[in-house]
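Reviewing the structure listed below.
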6 protein chains.
Amino acid sequence: MPIIRHMCRNFDQLRPITITRNFTKYASGSVLIEYGETKVLCTANIDDNVPTFLKGKEQGWITAEYAMLPSATHQRNKREINQGKPNPRNQEIQRLIGRSLRSITNLSQLGERQILIDCDVIQADGGTRTASITGAYIALVDALNSLIVQGKLTSLPIYEAIAAVSVGVYQQQLLLDLDYKEDSNCDTDMNVVMTSSGKIIEIQGTAEQQAFSRAELNQMLDLAEVGIRQLLNYQQQSLAKYS
Amino acid sequence: MPIIRHMCRNFDQLRPITITRNFTKYASGSVLIEYGETKVLCTANIDDNVPTFLKGKEQGWITAEYAMLPSATHQRNKREINQGKPNPRNQEIQRLIGRSLRSITNLSQLGERQILIDCDVIQADGGTRTASITGAYIALVDALNSLIVQGKLTSLPIYEAIAAVSVGVYQQQLLLDLDYKEDSNCDTDMNVVMTSSGKIIEIQGTAEQQAFSRAELNQMLDLAEVGIRQLLNYQQQSLAKYS
Amino acid sequence: MPIIRHMCRNFDQLRPITITRNFTKYASGSVLIEYGETKVLCTANIDDNVPTFLKGKEQGWITAEYAMLPSATHQRNKREINQGKPNPRNQEIQRLIGRSLRSITNLSQLGERQILIDCDVIQADGGTRTASITGAYIALVDALNSLIVQGKLTSLPIYEAIAAVSVGVYQQQLLLDLDYKEDSNCDTDMNVVMTSSGKIIEIQGTAEQQAFSRAELNQMLDLAEVGIRQLLNYQQQSLAKYS
Amino acid sequence: MPIIRHMCRNFDQLRPITITRNFTKYASGSVLIEYGETKVLCTANIDDNVPTFLKGKEQGWITAEYAMLPSATHQRNKREINQGKPNPRNQEIQRLIGRSLRSITNLSQLGERQILIDCDVIQADGGTRTASITGAYIALVDALNSLIVQGKLTSLPIYEAIAAVSVGVYQQQLLLDLDYKEDSNCDTDMNVVMTSSGKIIEIQGTAEQQAFSRAELNQMLDLAEVGIRQLLNYQQQSLAKYS
Amino acid sequence: MPIIRHMCRNFDQLRPITITRNFTKYASGSVLIEYGETKVLCTANIDDNVPTFLKGKEQGWITAEYAMLPSATHQRNKREINQGKPNPRNQEIQRLIGRSLRSITNLSQLGERQILIDCDVIQADGGTRTASITGAYIALVDALNSLIVQGKLTSLPIYEAIAAVSVGVYQQQLLLDLDYKEDSNCDTDMNVVMTSSGKIIEIQGTAEQQAFSRAELNQMLDLAEVGIRQLLNYQQQSLAKYS
Amino acid sequence: MPIIRHMCRNFDQLRPITITRNFTKYASGSVLIEYGETKVLCTANIDDNVPTFLKGKEQGWITAEYAMLPSATHQRNKREINQGKPNPRNQEIQRLIGRSLRSITNLSQLGERQILIDCDVIQADGGTRTASITGAYIALVDALNSLIVQGKLTSLPIYEAIAAVSVGVYQQQLLLDLDYKEDSNCDTDMNVVMTSSGKIIEIQGTAEQQAFSRAELNQMLDLAEVGIRQLLNYQQQSLAKYS
């Protein structure tokens, strides 16, 4: 018996996607991305210093930070500073975001400067890490374009676009773009980051309750690709607008 | 010669004030308040536990936390967790917010529960602490009303409304509701928290560069009162709407 | 019915004030100040480095730290290092002390050096922050005089003297220079920092339990002025002695 | 032209695997596992308390910690306590180890107790996380068997065995079980955790420099499976010995 | 050629010793002890809770904390909270103080309560750890006597008195009770804690620059004994006074 | 009645001592030392930077760190990073190790470089600090020899060898080289660091339960010397082997 998803969503249907560029005014790129009720503010700031290990290497760097507002979750979550140490889940996600964006950026062409990505979750309803990647890509492009406008770069040092989505298996049924309730109940959960040429940047699959077979893996990847194609389209449409 | 303020604002004129209730969906009260370009998300969550020092005292408590998103400021500000210790300015402001809200709340009537206020600055252009207090008051009322709806309270345990505004002296001219640029240049800076009956809850005046006389203090308080009257009106209008 | 204060003190009477210069021998200024049973060691050390944000700006800086000995309070208080994070009340007070001293110091004339003020409370019986400011002013002057003796300054880079006192309202009665017991019971509590010319440097008023009117504010300020005049006298007498 | 690996290893050949049970004497399970020059001490301790969120839920838990000795790496690495905060890479790996072991354990059958896994890297030459999982599985089984011996469990609460290996693509050539030098140079890097029935527990693929296609993903998984079959055999042989 | 010590002190002469009981008023024992220019405030507070590891064991505990005021040293020393971690030298000294006091206390007779000793150095001129032990002993006795007065103990749970002193070898000459300058230049440095019956509680000898022979060790211990006899006398005289 | 020690060890007999050089491969010196069941990995790494306070002083430095693996102890011990602060016992021991090694090293001859010693306890059965010193000495020599091989030093900048052992008094009987059980029950406990010429570098004696006399101190030192002579022999034999 097929599962009835919230708002009668189809198993292979994304939640409504909204992308608002220039959501705040100080960062070089500032994007509010919404996957349904999940809302993440993704900003990109330019720093003229690179990390120590890159000093004098004539290449740039992209680093990311990810956090949740205390009121973003069903149960209020404690601020990291009040827990006394960084939240390991946040650390893991921000490493993923940074790695994904670096892999599609020509860091030599970027020059000795660093782009600082901040993904701050305003409201969390599942898929915050995938929304962060999809939104951060746009903030990154906006920040890089500001460098072109300032004459510091001559062209966009980007190989291709990326977007990310989650897929899962719930009671033997495949589902695209899990919301919080679906995510909590899934047997298997996979996050996929793909490029516009259909190549994989990151794949992270976890059997929460039940291991999955090679066949199921392939079905999940097929479904992820369906969602990512659409997300890449939304990104393009948003970037096409005069900022 | 009179100072020309941004957007030709009068010396005794507030910036445009916007109040959006139910900005996010999980907290019992969630208000986005804007004083011009300053935008603060104020939320109120209910916790059935009181702090240890109040256990068994048959009264409630209100506590506040205040923080800025990294991208909220002209120059990106570092997250507290990455600085390794709480930011003392944030600590000072959150103590002020908590104290202000507690002073107009009947804590015995509230019962043994705690209201956790979070003020997260999305964009900072001066006056974030005063906007936080004005907005947090509404979030608090919304949270308390939810307790009434649930039958846990019979009436609002609030003595009177509060709002807050800054005033300053810049080149001998009084100014109401300072934006970031004005605030950085002022000789004197005062934050005032007042109740709807015109009484003072908190007054914090600081001579950044030039001490001020008792006469100047009185002029600043007169001006603050003008602004606070209007803010109290905006609060009332917002709360009058069916949430 | 008038309140009977400890030691039959009048409502407008300071506690016995004692100022001991050169209390310890290594700091350039070292003052033990006592407001009755409240005892604070205020020291001033000279550092030839300024904070990073002032490098090359040809001006000096004054910064303050405030802490309590564990045995200073009625109930032993935990050391900050054992609580794992700075105490927010201490942070707020040390910011106040630093700001107050900077506002009466000609920082350009001071030159690219920093004065580090330490206010360590040996015994706390109310008014530790106001005693700290009054005492730290003397330690600051002693440290600056040592720079004159060394030929590094030609005159004292101080605009005017400052002192501080608390005032409160307790059962509708105004009280000057609150001790711990009075402070804990007051409806309203105000700390005032004033200069020798009668101008205000800082005013911090808090309605702990009952908001206060503009008229009450003015009465409190009148009373504070009475106390501060006397404190400025005590400072002058102390500094007049050959150190 | 085929790549010549260290010690003339074949592209689909594991490094020499050594498993030493009872390496230390206090933990309930203590295994030194070596993947070539990579040496990890995996121990399992039993704790009769479960984490707070599981109190009274009648099920157990498995948690893992992962760290490196300072001298384990080519360049000495700083201890976490001296860096002042947990190392995010370590945090990510220990979350992976805990998740993997939990997914093959019947936590209800385990009962209200917790198994604490410690993976401490004595020497790091690539593949420390995969070696940790393979070794920790044996330490876990040893600890669970000690509970059977003590009469606290009647049978092993394990669904099936797991082992883990890395695969990579280096200059278009697939390689199994990467050593440090290979790992640093790979375009793509994947860690796979599989069960004895050939199902996937975790898959983490990262394109360090070049995105990978679906076809490449499948080849990497085929190769991982070859390695994991052998590792599962080594585990079985080791566990067959009288401890 | 004999060394000329500061103030023409003899090689086997203590610095002037001053002991002030009841230096502050809240702690149950509060002693300012001075070894020449070294001044340490030693306080003892009673806590009705014992550490977790002693719960229900029907015995008490004594624990100590040691710290320096920032202005206590020749060069201002940073507060621990601002260094982000406990100072290891302080930790080592406070462990020594606690151990020394516990070894002469009948912890069973003390009952399930804890004595918290705080040794805060007001001015440091060498020998702060030995002065702390000698002073803390008196504060401890005062606190225990207050328990007798309250009827919570019937007699002093102390086996015998202790005091401590340093000895050193400087240019082949033995010296008692080293001041800061002597301590910094010594080849060998020894701290000795002895009881009134002449037994050793702690001996800590360190060859800073030159190892020492068994014969030298014995000479140093002879000299320490001379100093400790006098310190025990001073303690007795001080405690004999009506507090 | 004489005490029967584990494995029928004589009162003046060391546990079996094992020294394994080159236990790991990246550090310049890497020694696994075993005193019976106590196993410590001691490594020495060379750092071309000296600490700030030695910059430009034309001398080197030796610093040590000491820690335990979580599974090294009878009851699993928490990692320092998870306790949020350095373990004071570890801090004290690492200061002892560093001080001991520096005192027999010609730091001027070493030149402006630093040797970082890491002592990581794999299994703890008493005497970990003394085993650390004895083992670290060998790792230090191996590291210094590597500097000679590289032509950076012409001869070993070591005055003489050192080794360390514990002695204790248990039920009036002297015991050499205490294991964990003996150590926990001893009335008195002493750690002695001696050189090959029989001189003392460090002596740390603690009366856990019963103060000790000068006569007992001398007996303990006699016994320590017996053990240290043998340990110095084992070191020499180990270093005589071609590494």
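For the reader, a short list of remarks on this structure follows.
- Teacher prompt: residue B:53 distances to equivalent labels in other copies, 7 Å Cα→Cβ, nm: 3.0, 3.1, 3.1, 3.9, 4.5
- Selected from E:155, E:28, E:103 as most flexible by GNM, with chain E as the system and alpha-carbon contacts under 10 Å: E:155
- Put E:96, B:239 in order of accessible area, highest first, and with a 1.4 Å probe you get B:239, E:96.
- Computed over the range C:1-136, Kirkwood Rh from alpha-carbon pairs, angstrom: 16.3
- The rotation axis that maps chain D onto chain F passes nearest to the beta carbon of this chain D residue, listed with its distance in whole angstrom: D:81, 2.
- All Cα-Cα separations within the range F:200-243 were binned at 10 Å from zero, giving a P(r) of 22, 39, 23, 13, 4, each value a whole percent of the pairs.
- Three principal axis extents describe the C-alpha atoms of the range A:116-174; from largest down they are 54, 26, 12 Å.
- A 1.4 Å probe, protein heavy atoms only, puts the accessible area of residue B:6 near 130 Å².
- When the Gaussian network model of chain B links Cα atoms closer than 10 Å, the mean-square fluctuations of B:209, B:94, B:59 top out at B:209.
- Sorted shortest first, the separations between the residue C:237 label point and its copies elsewhere in the assembly read 3.5, 5.9, 8.1, 8.1, 9.3 nm; each point sits 7 Å from Cα along the Cα-to-Cβ line.
- Averaged over the residues of C:75-86, the number of partner chain Cβ atoms lying within 10 Å of the residue Cβ comes to 5.
- Separation between Cα centres of the range E:166-215 and the range F:191-208, rounded to whole Å: 13
- Of the trypsin sites (Lys or Arg not before Pro) in the range F:157-243, the ones in a loop by DSSP (not H, G, I, E or B) with at most 16 other beta carbons within 10 Å are F:241.
- Shielding value for C:210-221 is 4, the average number of Cβ atoms from other chains within 10 Å of each residue's Cβ.
- Summary of the geometry: the range D:1-63 and the range E:1-69, compared by the centres of their Cα atoms, lie 50 Å apart.
- GNM flexibility winner over chain A from A:183, A:48, A:120 (Cα, springs under 10 Å): A:48
- Per-residue average of Cβ from other chains inside 10 Å of B:66-73: 6
- Shown here for the range D:1-99: GluC sites (Glu not before Pro) in loop regions (DSSP other than H, G, I, E, B) with at most 15 other Cβ atoms within 10 Å, namely D:58.
- When Rg and the Kirkwood radius Rh are both evaluated on Cα atoms of the range F:87-203, their ratio Rg/Rh stands at 1.03.
- Size descriptors for the range F:157-230: radius of gyration and Dmax over Cα atoms are 12.4, 43 Å.
- Label distances, nm, residue E:149 versus same residue in remaining copies, Cβ-directed 7 Å point: 4.2, 6.0, 6.0, 7.1, 7.5
- C/B buried area, accessible surface, summed, 1.4 Å probe, Å²: 2800
- For the range F:22-67, the list of trypsin sites (Lys or Arg not before Pro) that fall in a loop by DSSP and count at most 16 other C-beta atoms within 10 angstrom reads F:25, F:55, F:57.
- Placing R0 at 35 angstrom, the Cβ-Cβ distance between residue D:230 and residue F:83 gives a FRET efficiency of 0.30 after rounding to 0.05.
- For residue B:13 and residue B:47, the difference between the fully extended length at 0.36 nm per residue and the C-alpha to C-alpha distance is 8.4 nm.
- Largest-first ellipsoid semi-axes for the protein assembly as shown, taking √(5λ) over the Cα gyration tensor eigenvalues, angstrom: 51, 51, 30
- Cα principal axis extents for chain F, largest first, Å: 59, 43, 34
- Inter-centroid distance (Cα atoms) of the range E:96-158 relative to the range C:97-163, Å: 38
- Estimated FRET transfer efficiency when R0 is 25 angstrom, pair residue F:181-residue D:240 (beta carbons, to 0.05): 0.15
- Taking all protein chains as shown and a probe of 1.4 angstrom, residue F:46 keeps an accessible surface of around 50 Å².
- Solvent-accessible surface of chain D, taken per residue with a 1.4 Å probe and all protein chains present: 40 Å².
- D (Stokes-Einstein, µm²/s), Kirkwood Cα radius, the range D:45-87, 1.567 mPa s at 4 °C: 97
- Between helix D:128-149 and chain D there is an angle of about 20 degrees, using the helix long axis and the longest principal axis of the Cα atoms.
The values are calculated or read from the model by the stated rules, or taken from the named source; none is laboratory data. Note that the structure is predicted; figures quoted are calculated from it, not measured. As a convention, Cβ positions derive from the backbone with ideal geometry for all residues, glycine included, and neighbour counts pool all protein chains shown. Keep in mind that these areas ignore ligands, DNA and RNA; they rest on the heavy atoms of the full protein, side chains included. Shrake-Rupley method; radii C 1.70, N 1.55, O 1.52, S 1.80 Å.
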